1. (1) without any contact (Cβ under 8 Å) to a residue 12 or more places away in the chain; (2) open to solvent by less than 70 Å² (accessible area, probe 1.4 Å): which one isn't true of residue 120, the others all being true?
2. Please pick out the residue among 43, 63, 58, 100 that is under 20 Å from residue 14 (Cα atoms) and open to solvent by less than 40 Å² (accessible area, probe 1.4 Å).
3. Can you tell which of 16, 77, 64, 90 is within 26 Å of residue 135 (Cα to Cα), of a type in the set (A, V, I, L, M) and either without any contact (Cβ under 8 Å) to a residue 40 or more places away in the chain or out of contact with any helix residue (DSSP H, G or I) (no Cβ under 7 Å at 6 or more places or on another chain) (or both)?
4. Please list, ordered by residue number, the helices (runs of 4 or more DSSP H) wholly in segment 1-112 having 3 or more residues that are modelled with pLDDT of 95 or more.
5. Got at least one residue in segment 118-132 being at pLDDT below 95, among the hydrophobic types (A, V, I, L, M, F, W, C) and out of contact with any Leu (no Cβ under 9 Å at 6 or more places or on another chain)?
6. Conditions: (1) open to solvent by less than 10 Å² (accessible area, probe 1.4 Å); (2) in contact with a Phe, Trp or Tyr (Cβ under 7 Å, 6 or more places away or on another chain). Residue 78 meets all but one. Number of the miss?
7. From the list 49, 38, 71, which one is in contact with a Lys or Arg (Cβ under 7 Å, 6 or more places away or on another chain), small (Gly, Ala, Ser) and farther than 16 Å from residue 5 by Cα?
8. With respect to the numbered conditions (1) farther than 22 Å from residue 45 by Cβ; (2) in a helix (DSSP H, G or I), which one is the sole condition not fulfilled by residue 116?
Amino acid sequence: MSNAHILLVEDNDGDILLTKEAFDERKIIQKISVVRNGEDAIDFLLKQGKFKDAERPDLILLDINLPTRNGHEVLVIIKSHEHLRKIPTIMLTTSASKKDIENAYYNHANSYILKPLEMEEFMTAIRKIEEFWLNLSQLAEE
């Protein structure tokens, strides 16, 4: 899928930078929107407040450990709205907790990926996400 739009819900500056760099290398992603907390993620997706003109993303990368509302809370809201639930939502997090993994899939996460700690492994993981979700998979339209 060319011209894809990704919503990255992440509060760590280093992870934001690495994710953007990994996608920039491949030139498939046209736009990456970044929000740094759960409340802004919800507002972005529901086009509320300062995000009233936000574009619908094709893919959501969602961290669990976020300020204001955690990723699990955001996931529940995403999957409870008919116009959002078709957007693939990937939990991209450092949490290897079985409880977090079970909770994410119970609430209909499309994938759960542990953030690699090494930079090159992180970049590889992002490239694989892109390859699978934006090249191999067929995504539903709005």
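The values are calculated or read from the model by the stated rules, or taken from the named source; none is laboratory data. Quick caveat: nothing in here was measured; it's all calculated off a predicted structure. Cβ placement follows ideal geometry from the backbone for every residue including glycine, while neighbour counts extend to all protein chains displayed. Note: areas computed on protein heavy atoms with side chains; ligands, DNA, RNA excluded. Shrake-Rupley method; radii C 1.70, N 1.55, O 1.52, S 1.80 Å.
1. Looking at each condition in turn, residue 120 falls short on (2).
2. The unique qualifying residue is 63.
3. When all the criteria are applied, what remains is 16.
4. 38-46, 71-80, 98-106
5. Yes, segment 118-132 contains a residue that is at pLDDT below 95, among the hydrophobic types (A, V, I, L, M, F, W, C) and out of contact with any Leu (no Cβ under 9 Å at 6 or more places or on another chain).
6. Just one mismatch for residue 78, condition (2).
7. Matching residue, one of 49, 38, 71: 38.
8. Result: residue 116 passes all but (2).
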